[in-house]
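Notes follow once the structure below has been shown.
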Amino acid sequence: MVKTDRSKTRVAEIEKILEQKPGTRAVRDEDDRYTVVSAASSRTFADWLTPVAEHFVCHRNDIPDADREMWEVHVTGVSDDERLSMGTIRETYPTVAVAHTMECAGNNRGYHDPETGSVQWGAGAVATAVWTGTPVRAVLKDCGVAVDEASDRWLTVIGGDPPADDKMYVKSIPLTKAVDDCILAYGMNGQSLPPEHGFPVRLIVPGWYGTNSVKWVEELRVTDTMVSQSTFSGDSEDRTDTYWQHGSYRIHPEGSEPDIEETVPTVDTWEQLVGDSVDYPYTFDENVMSLIGLPDGESPVTPEQGRVEIRGVAWAGDDRVTRVEISTDGGDSWHDADLYGPDYDGAWRLFGYTWESDLDDTDADRTYTLLSRATDEYDRTQPARIAVLDDWEEIPDDVFPWNEGGYAANAYLPNGIEVQVSPGASE
Ligand SMILES: Nc1nc2c(c(=O)[nH]1)N[C@H]1C(S)=C(S)[C@@H](COP(=O)(O)O)O[C@H]1N2
Ligand SMILES: [Mo]
């Protein structure tokens, strides 16, 4: 019965979000447990800044009914516990802005074959916004945290969304990342933070998978390890506050249950995956990825003087994108694209490529498959496809391992754009 009520709230919530965000569309999981909307069109990926109206939304609990005047962020695990009002957060500390490409760890999940559980979206769960707020560093320093001796410690962040199934939304990030570039955001693209994006205040973890950017932040707790059952000592035994950190959002084969680790030797998701430092990676920083935004594949294109402009975005979490290549023949040949536009850590870059089409030789429509693939500063290139692997010890270069949660996939073939090219009127 409770479930029926919850999914009714879900439906109403999604409907309201769709009304306010005409650039998105609903995507549901099998139990209708999540409120999610993804970008409606791949044209979103032809622009650097994603309007709020096109920015995807993802969370599983109901949106808390927050009152900005009453909301407090508790800072604990420090010498001077604090309760900060929104007024204090906004006025006492410096105001900064960060650009962040928010990518759901489950982006591209819909391309897993066989199908995984949960929300089956394609590549529409990624967006770039400019977030305004207060540096986490300033707040923690004020609360007595030795911010320059942060290594080996963690910041555990607790969401104020009412938990379903006793699973509070709790995530831990290394304290070094928290004091480096994370912010407590209360503005998005120059507007007040909308309720579905975390009003009145959320964490932004630049360049890391969306799951780390806790919305509706209620508590910041400085801890010695990632969240564990003992982080909440005093709370009842059967709480499952570790689930979103350690159970979910881990990259693992079917049927395995990842251990609760205290810490990880590297927060680079790709390095965790291909190295042997941790059995089943946590989804921290985003893997190298790219998407074509134009042509969008929805309508035919006509070359102008034999040329078609291809445009898109490429990102690599908190690493740099160094190269983007384009194929117009389904992957047989590749050509370097130009990287241009804003260049901020944690946000995507624009790329462009002028395709000299061979259409002058024909007067019939032809269909082409356009692909993009990006490479990061460590020379890691997007793999071609997602495939089930028997042996995770040796991951082939062109494969991203199918994993039970459908996380962190960055293969380029599933994101190919089929475009119909019509010859222009002869000049
Ligand atoms: N409190 C809370 N924060 C949350 C979530 C949640 O369920 N509860 N979902 C996370 C996930 S999985 C993603 S992808 C991002 C999405 O942020 P957005 O909805 O602003 O795009 O929020 C993250 N923050
Ligand atoms: Mo997500």
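Structure summary
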item	result
Sparse-neighbour loop sites [GluC sites (Glu not before Pro); segment 268-344; at most 14 other C-beta within 10 Å; DSSP]	Glu298
Computed over the chain: relative contact order in percent, which uses C-alpha pairs under 8 Å that are six or more apart	16
Positive-pole candidate from His197, Pro383, Thr88, dipole of the chain, charges at beta carbon	Thr88
Dipole magnitude of the chain, debye to nearest 20 (Cβ charges: Lys/Arg +1, Asp/Glu -1, about Cα centre)	1480
Proximal lysines to Lys177, defined as alpha-carbon separation beneath 18 angstrom and excluding residues fewer than eight positions away on the same chain	Lys141, Lys215
Between segment 100-155 and segment 317-371, the Cα center-to-center distance that results, in Å	27
Modelled FRET efficiency - R0 35 Å, Glu91 with Asp148, Cβ distances, 0.05 increments	0.90
³J(HN,Hα), Karplus 6.51/-1.76/1.60, whole Hz, each residue of segment 175-181, x for Gly, Pro	4, 4, 5, 4, 8, 7, 9
Segment Thr322-Thr225, length gained on full extension (0.36 nm per residue, minus Cα span)	31.6 nm
Debye, to nearest 20: dipole size of segment 207-335, +1 on Lys, Arg Cβ, -1 on Asp, Glu Cβ	540
Å² of accessible area per residue within segment 308-411, as computed with a 1.4 Å probe and no ligands counted	47
Calculated FRET efficiency for the pair Glu309/Asp397, C-beta based, R₀ 30 Å, to 0.05	0.50
Low-density loop cleavage sites - GluC sites (Glu not before Pro) in segment 1-109, where at most 16 other Cβ are within 10 Å (DSSP)	Glu30, Glu69
Debye intensity ratio in log₁₀ form over the Cα atoms of segment 97-212, taken at each q of 0.11 Å⁻¹	-0.43
Reduced Cα scattering model of segment 264-350, Debye log10 I(q)/I(0), q = 0.10, 0.14, 0.18, 0.20 Å⁻¹	-0.37, -0.64, -0.89, -0.99
Electrostatic dipole magnitude of segment 336-427 [Cβ: Lys, Arg +1; Asp, Glu -1; Cα centre; debye, to 20]	340
Mean residue ellipticity (222 nm) of the chain, computed from DSSP H runs ≥ 4 via -39,500 (n - 2.57), nearest 500	-3000 deg cm²/dmol
Surface share of carbon and sulfur [accessible, 1.4 angstrom probe, percent] for the chain	43
Where Rh is the Kirkwood radius over Cα pairs, Rg/Rh for segment 177-264	1.01
Per residue accessible area in Å² of segment 51-178, where ligands, DNA and RNA are left out and the probe is 1.4 Å	38
Taking only Cα atoms of the chain, radius of gyration then Dmax in Å	22.0, 79
Gyration tensor (Cα) of segment 27-84, equivalent ellipsoid semi-axes in angstrom	33, 18, 12
Acute angle (nearest 10 degrees) that the helix 2-20 long axis makes with the longest principal axis of the chain, alpha-carbon atoms	50
Long-range Cα-Cα pairs in segment 5-127 (distance over 16 Å), rounded percent	70
Spatially proximal lysines relative to Lys8 (Cα-Cα < 16 Å; intrachain offsets below 8 disregarded)	Lys16
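The values are calculated or read from the model by the stated rules, or taken from the named source; none is laboratory data. Computed from a predicted structure; not experimentally measured. Virtual Cβ from ideal backbone geometry, glycine too; neighbours counted across all protein chains shown. Ligands, DNA and RNA are stripped out before the accessible areas are found, and what is left, the full protein with its side chains, is counted by its heavy atoms. Shrake-Rupley method; radii C 1.70, N 1.55, O 1.52, S 1.80 Å.
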